[in-house]
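Scroll down for the structure; my scribbles are underneath it.
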Amino acid sequence: MLELRDIQVTRGDFILKADLAINPGTRTAVIGASGSGKSTLLSLIAGFLAPETGRVVWNGTDLTESAPGKRPISILFQDQNLFPHLTAAQNIGLGLRPDLRLDRAQQDQVAAVLAQVGLAGFSDRKPENLSGGQQSRIALARILLRARPILLLDEPFAALGPALKSEMLTLLDQITADMGTTVLMVTHDPNDARAFAPQTILVDDGVAHQPVATAALMDNPPAGLKDYLGLP
Amino acid sequence: MKTSLIALAILSAAPAMAQDKPVLTVYAGDSVTSEWGPGPKIEEGFEAFCNCDLKFVTGDLLPRIMMEGAGTEADIVFGLNTDVTARARASGLFAPHGQDTSDMSLPVEWTDEIFLPYNWGETAFVYDDTRLENPPKSFAELLDAPGDLKIVIQDPRSSVSGLAMLLWVKSIYGDDAADAWAKLAPKVLTVTKGWSEAYGMFTEGEADMVLSYTTSPAYHIAAEDDTTKHAAIFPEGHYFMAELVAQVASTDQPELAQKFMDWVLTPDFQKVIPLANWSLPAKLPQEEWPDVMRDLPRPQKTLFYSEDEAEAMRQPALDEWLQAFSQ
Amino acid sequence: MAASVFAIRRSIGGALTAAALAALILGTLAAVAWQARGLSALGPWDLRAIWFTIWQAVVSASLSALLAIPVARALARRRFPGRGLLITLLGAPFILPVIVAIMGLISVFGRNGLINEGLRTLNLPELSIYGWQGVILAHVFFNLPLSVRLILQGWHSIPFERFRLADSLDFRPRDIAHHLERPMLRAVLPGAWLAVFLVCLTSFTVALALGGGPKATTVELAIYQAFRFDFDLGRAATLGMIQIALCVLAMLTSRWITIPAEFGSGLDLSRNLRGPTGWRRLMDGCAIILAALFLLWPMLAVILRGLPQISQLPAEVWTAAARSVIMAVISAFWAVILSLTLALGIARSGSRLIELAGMLPLVASPLVLGTGLFILLRGTVSPQALALPITVAINAIMALPFGLRVLIPAARDLRRNYGRLAESLDIKGWSRLRFLILPQLARPIGFAAGLAAALAMGDLGVIALFPTDMPTLPLKLYQFMNSYRMAEASACAVLLMVISFALFWLCDRGGRLA
């Protein structure tokens, strides 16, 4: 269980409060207007931001003081998920050993995940020689390799076209289903939320609400979300 | 852009609009024109009777004049040193001073018809008796002094006093000058570009002795009431240095320029020198010197090379010096 | 059509400025050579001077770069109260007038300085500041701030997102060094090294005061001596050419070494990263404290000595100070116009040649430049009327390379990020300058202006060449020293230091607030 207990974080004159719990192995969408604090919520869970009050707890373990890399968490950002000066294989290998001293078995592991995301043979390419979709796949391959129980997605596929995006979501679906990963995904698109996440956290008016069933929320949105979605 | 042009105009035009009187342009060294230098008093004194405007222009003297050539705006060049007379004379830019130099208060005979000395002094090492209790009593003792005695001197290639020291050592040691320098070199803390940096280091307490002038202690006594600074007087003799004035041949104010030259050796002018220039007057009976100058210990022997000798010696002496410091 | 004509004209602006600059620097050299009726051969001492110049510049630049790395890293990854102020203050030695800095260094490291007094009490052998070690100490003192600034900029140029990604992947400090910091240093260090190398190549006063003797003679000093001692303009011109050749060679080499950093632009999210703890924290603290001590102590010593006398300075000093300030401001104005024109031209055309021309003033000898200008202009205007304008112009030109170093990357970013947008909206000419360039480049412009103003304020080399009846503040300082008035000289030094720093701070601050 991922719990945010009485969290409050202030950035300038913006305040975000959260007090919620998410069951392990579930997929949760995070939705809200621009600037409502969706990314702040993810940064908080990932450990890039420390809350002034409250705790972040995973399965009974308090994560609040842990460094980002020490948390049982993988995160995909909007962009900059890859180091431009490293090859695809190196970028993936970072997930095993940041110093990239990989032994034979580990190199095989990297090759295996590359194949799994459909990019066998691309190991020596640098990001500049990969398409946007291929770059996303490399990042996903690293997630696969790290196999952390929690995955945070901060709109990583926002820049991809509809076909590519659904392809990525499908791939993500396979990967996380196999590992039973707890997924939180920030999204703008109610359809993504419906398709991918049974439950949704609404971030509105400085509060991240307890997740509710996505379908119910979309069918009967509260006022703030209604405005955001452009519904009458 | 407009503002900057206007500002520049203001910067450079101010003195030009002073008055319509004829202007005597005097190129002078840096030290002359400062508030305590002789400049302001000379300007005041001359303007009192010349019905003109005396204008001091500060800068590096001879290189400037040489480059400007006959087109120079200077009417008078004030503050040339004895070391450059040969090259200044060769330029043909200067006119005779027309003064009687037979009766000067100089330790050497002065026969130059173009360059007129207005002050003089000798090279000497200055020390502070609170820091150096047993100063060397002769040049020989200085050369043999213990290694922890540190002196600061000036580079003969960039400084007048530095060059004078080169000739000082040459005149005492002649062909053995190279050995003398080799003995002195380990005691030299550093070689500075000019006199002021070296003297500054000395007053900071960095060095025990500094290459300066026999008249330097007078400043400390008169201006600071400090009697701890002395020039070490050596029986081997001290090298003569004078500052010179000359009129420019191509001047557009020949009468004014001559009037100025005629004034330089008068007591009226000469009395300004000791306490403003901190050097000795070129033509003033000793009774009329200020006490502080008259009471200074005087060297018994003054050394001086003729212009031609000095010019011929300059390069070889410099090579010896460079050699000594490159060991 | 109109837009394309305009585009061509604008890139010609940069090229023309560069050509004028090159013509000026090479032309003045030619003028000096012409005046001398040709070049003269060099003596053995000149060759030694060339060797020493290169040697000390290499050592000074390498040492500055090496020492700057831990300081820049500590400043980049630590947050503490007063950090911004400290970074600004640590920059101060670079804009300090040389003579003031030497006074400060001597009072700390000299024979009677605090360090040697401490060593004496402990019965330890003394350190000597005189000799080659003094020259290098002073050069590191002057240029460590420059290196720290350039390297710190490199650290800041690593996008925040990279550090975030590294954090999420559990990078240890060693991995961050390997994947982020080393590639950045590889890209930034050659430039930082080169900048210091070039500055040290033309060093003059430092070598003269602390060199300890003719063993530590630099080329610029040899040029001065050729002018002053031998009136040998031909030799001065030859040495000037060698200096420029050394510069061009060094710049070409570093071009070849430099690899452009592959760091895309990042969102400038406010950083909230925790630096590594443990002994690394201690090391960072030590680096910052040592750097602050080394750089600020000598300045403090100058202030303590001179401050009590300031009220007794005569009125003419304040006149000279006002004159210096006006000249510095005009110099800074022109330096910004020139470097902005060049930087925009370089960003537009990517021309290496323009960039090279922009760096030339760094190694052009101010002596040759001043004398050459003088020879070229004499006969047309009175030399006295020339003194101040030429001083202003030369100081503006001398400050160019430093302005360019900050303006070129900024102009490139501007073009990359908004160039197409501006073109599609047909924003050009004055409105482009007013609404795009000035607001977006305000920070580097402010920095460049501040640097130019401060450097012009402390200039002595150029002004001393020309006859003038209107002394500047540094000249006044020398006049005090020449009249035995060391106390007033040290008060003057404080004044000079404070004004230089205030000018820099005002411009820099102005740029940040704009």
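Count the net charge of all other residues whose Cβ sits under 10 Å from the Cβ of A:Pro98, scoring Lys and Arg as +1 and Asp and Glu as -1. Walk me through the numbers before you get to the answer.
Values: positive: A:Arg97, A:Arg101, C:Arg172, C:Arg174; negative: A:Asp99, C:Asp170, C:Asp175.
Summing Lys and Arg as +1 and Asp and Glu as -1 gives +1.
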Calculate the length of the line joining the C-alpha centroid of the stretch C:295-317 to that of the stretch B:250-296, in whole Å.
35 Å
Per principal axis, descending, Cα span of the stretch A:82-147 in whole Å:
28, 23, 20
Scattering profile of the protein assembly as shown from the Debye formula, Cα beads only, expressed as log10 I(q)/I(0) at q = 0.05, 0.06, 0.07, 0.08 Å⁻¹, is -0.43, -0.58, -0.73, -0.88
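Find the Cα radius of gyration of the stretch B:115-180, compare it with 2.2 N^0.38 Å by division, and give the number to two decimals.
Values: Rg = 13.8 Å, N = 66, 2.2 N^0.38 = 10.8 Å.
So the Cα radius of gyration is 1.27 times the expected 2.2 N^0.38 Å.
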Counting only DSSP beta bridges with both residues in the protein assembly as shown, what percent are antiparallel, rounded to the nearest 5?
55 percent
Out of B:Met313, B:Met293, B:Met165, any idea which swings most in a Gaussian network model of chain B, alpha carbons joined below 10 Å?
B:Met313
If you wrap the stretch A:102-232's Cα atoms in a convex hull and average its projection over all directions, what's the area in nm²?
9.7 nm²
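For A:Ile31, C:Ile158, C:Ile337, A:Ile22, what ranking results if the residue with the fewest other Cβ atoms within 10 Å of its Cβ goes first?
Details: A:Ile31 27, C:Ile158 19, C:Ile337 14, A:Ile22 22.
Lowest count first: C:Ile337, C:Ile158, A:Ile22, A:Ile31.
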Neighbour net charge for A:Ala195 - beta-carbon separation under 11 angstrom, K R +1, D E -1:
0
Compare B:Gln154, B:Gln286, B:Gln270 in a GNM of chain B, Cα atoms joined below 10 Å, and give the one with the largest fluctuation.
B:Gln286
As a percent rounded to 5, the proportion of antiparallel DSSP bridges among beta bridges in chain B is 60 percent
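Summarise the partner chain shielding of C:321-329 as one whole number: the mean count of Cβ atoms from other chains within 10 Å of each residue's Cβ.
Numbers: counts 0, 1, 2, 0, 0, 5, 4, 0, 3.
Averaged over the peptide's residues, the number is 2.
In what order do B:Ser216, A:Ser123, B:Ser102, B:Ser138 fall by count of nearby beta-carbon atoms within 10 Å, going from fewest to most? Before the final figure, lay out each step's value.
On the way: B:Ser216 23, A:Ser123 19, B:Ser102 8, B:Ser138 14.
If I rank by nearby Cβ atoms, fewest first, I get B:Ser102, B:Ser138, A:Ser123, B:Ser216.
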Dipole magnitude (debye, nearest 20) for chain B, charges at Cβ of Lys, Arg, Asp, Glu
540 debye
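Using 19 Å as the Cα-Cα cut-off, could you pick out the over-long pairs in B:Lys137/B:Lys301; B:Lys170/B:Lys301; A:Lys70/A:Lys165? Please report the intermediate quantities before stating the final value.
Working: B:Lys137/B:Lys301 14 Å; B:Lys170/B:Lys301 15 Å; A:Lys70/A:Lys165 30 Å.
From B:Lys137/B:Lys301; B:Lys170/B:Lys301; A:Lys70/A:Lys165, over 19 Å: A:Lys70/A:Lys165.
Report the local net charge at B:Leu189: Lys and Arg +1, Asp and Glu -1, summed over other residues whose C-beta lies under 10 Å from its C-beta.
+1
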Computed over the Cα atoms, what is the radius of gyration of chain B divided by 2.2 N^0.38 Å, N being its residue count?
1.05
In whole Å, what are the extents of chain A along the principal axes defined by its C-alpha atoms, from largest to smallest?
53, 39, 32
Kirkwood Rh over alpha-carbon pairs of chain C plugged into Stokes-Einstein at 4 °C, 1.567 mPa s gives a D in µm²/s of 54 µm²/s
For the stretch C:122-199 and the stretch A:146-186, distance of Cα centres in Å
40 Å
Ranked by GNM mean-square fluctuation in chain A (Cα springs under 10 Å), the top entry among A:Arg71, A:Arg194, A:Arg125 is A:Arg125
Distance between modelled label sites at A:Asp205 and C:Thr253, nm, 7 Å Cα→Cβ extension
6.9 nm
Ranking B:Ser250, A:Ser74, A:Ser131 by Cβ neighbours within 10 Å, fewest first, what do you get?
A:Ser131, B:Ser250, A:Ser74
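No value in this document is a laboratory result; all are computed from the given coordinates. Predicted, not measured: the structure shown is a model, and the values here were computed from it. Virtual Cβ from ideal backbone geometry, glycine too; neighbours counted across all protein chains shown.
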